[in-house]
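The structure appears below as structure tokens.
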Amino acid sequence: MSILNRKLAPGFNGVDNINLIRPQQTKLANGCNIFSFNSGDQDLVRIEWVFNNLRFNPKKPLLNVAVNTMLTEGTSKLNAAQIADKIDFYGAFLQVDYSYDNSQVTLYTLTKYLKTTLDVVKDVITDSIFPEKELETYVRNQQQKLQVSMQKNDFVARRVFNKALFGETIYGLGAEPEDFKSLTREDMLAHFKLMYQPSNCTIIIAGKADPEILEAVNQAFEGAWGDVTSPADISQPELEPSAERFFYSEKVDALQSAIRMGMPFITRTHPDFSALQVLNTALGGYFGSRLMANIREDKGYTYGIGSGMTAFKQTGAFFIASEVGADVCKLAVKEIEKEINLLKENLIDEKELSLVKNYMLGSLLGSLENVFSHADKFKNLYFANLDYDYYDRYTQTIKTITAPELQALANKYWNFADFYKVIVGKY
């Protein structure tokens, strides 16, 4: 019997490669693409219906999100309670999700109840009617929720930051309370008909996606939409970054100040994206980052601070965000600038770089725990128009990138004077 030596750290095995499950693809006659990931080991399946958002209209900024959110509020056959009861009765789960580029409907169900639960989803996706009573409730609740959120400094800072970077576009314009008053059932029905059509839909099936399951989905949605007369306009207006780069909203009684800063950035399709993810992780992308070590652990200015990179279809963003004590806001901003400049002036030492690399590779492996995770990785690729080589390049970049290369990237992309800076609270 071997004896555990507690004085020796466990061995570390590097990540050689990432083996992702690839989907089977089919296409319905109505133009709807289906991608399936068959694990075959449990009688559970997740089906996602993903729709590209329609072109954003600044005069009616809530249509995309409101239509998606209210899909489960009633059809011509079922009211909201009946939809929920039918799904719950079979131990299934139905949810709707909205993001800047896409809206989706997701069903989790046992395979033996799939045909019954599919009938409910088909009604939701093809026959939602947005009842007036439910619309009034939605408007009232969302107005109240927004008014509460507008009292939070970090929420306000995020809104101001997004508008500064992206202007009056789907990425930049947040709702105002009065915008909810302009929501009409007629506009929502017209939007629904244009957006929720087969040529604008991608179905992703993961779990026990055997031929019987695929056939059930085919039968349910092959002719479900009926006649579609107009194509979905999924183009988006050009981005309009602000000429102003500093935004300060003073709140005299604030105990904390929200800080958000950064700039429009590259997307996943850019060859530098993976390398910049390494640099960002070192700066503020995990709990052991430089920003956390300095501003939380050493200075005690905040409970948390981080940096990140977001990628959309049209654009991306690099950002740094935190809430700090109002009396140390200026000092925190100076420390953020110092950490940016240190990455530009000095090489990251080998111990720190190794820690960052191991963290990133471990996080990638940890994110592939089941077939649903593999389907999620596919979505990242598919909707960004990337191929599976992306993750091979990503892992190779993490393993091989050097400190001088990271220093060069910091100097190429990060000029603190050019950052958009938003402060809400005291400064």
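Read-outs: derived from the displayed coordinates by stated rules, not from any lab. None of the values given here were measured: they were computed from a predicted structure. All Cβ positions, even for glycine, are placed from backbone atoms using ideal geometry, and neighbour counts span all protein chains on display.
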Just order 125-138, 78-91 by mean Cβ neighbour count inside 10 Å, highest at the front, would you? 125-138, 78-91
So, with +1 on the Cβ of K and R and -1 on the Cβ of D and E, and no other charges, what is the size of the charge dipole of segment 24-221 about its Cα centre, to the nearest 20 debye? 420
With Cα coordinates, the longest principal axis of the chain makes an angle with the long axis of helix 132-149, in degrees rounded to 10, of 10
Relative contact order (%) - criterion: Cα under 8 Å, at least six apart; region: segment 246-425: 39
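Summarise the long-distance tail of P(r) for segment 24-221 by giving the % of C-alpha pairs beyond 25 Å.
On the way: 8114 of 19503 pairs.
Cα-Cα pairs of segment 24-221 separated by over 25 Å account for 42 percent.
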Relative to the longest principal axis of the chain, what angle (0 to 90°, nearest 10) does the C-alpha long axis of helix 350-366 take? 10
Rounded Å value of the spacing that divides the Cα centres of segment 175-209 and segment 321-344: 41
Segment 246-425 - Debye-derived log10 I(q)/I(0), Cα point model, q = 0.15, 0.16, 0.18 Å⁻¹: -0.92, -1.03, -1.22
Measure nothing fancy, just the Cα-based angle from helix 114-127's long axis to the longest principal axis of the chain, in degrees from 0 to 90, nearest 10. 90
Based on Cα coordinates alone, diagonalise the gyration tensor for the chain, multiply each eigenvalue by 5, take square roots, and list the semi-axes in whole Å, largest first. 40, 31, 20
Find how much the distance from Lys412 to Tyr248 grows on full extension, using 0.36 nm per residue of separation minus their present alpha carbon separation; answer in nm with one decimal. 56.3 nm
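Counting only helical runs of four or more DSSP H residues, what would the 222 nm mean residue ellipticity of the chain come to if each run contributes -39,500 (n - 2.57) and the total is spread over all its residues?
On the way: 13 runs with 162 residues, N = 427.
Theoretical 222 nm ellipticity from helices: -12000 deg cm²/dmol.
Defining a contact as two alpha carbons under 8 Å apart and six or more residues distant in sequence, what relative contact order in percent does the chain show?
Values: 689 pairs, mean separation 93.7, N = 427.
Relative contact order of the chain: 22 percent.
Suppose every K and R has +1 on its Cβ and every D and E has -1 on its Cβ; what is the size of the dipole of the chain about the Cα centre, in Debye to the nearest 20? Can you show the working numbers first?
Details: 45 positive and 52 negative charges, 162 e Å.
Here the chain has a charge dipole of around 780 debye.
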So what's the projected area for segment 63-171, the Cα convex hull averaged over all directions, in nm²? 8.2
How much length would be gained if the chain were fully extended between Leu365 and Lys181, taking 0.36 nm per residue of separation minus their Cα-Cα distance, in nm to one decimal? 61.6 nm
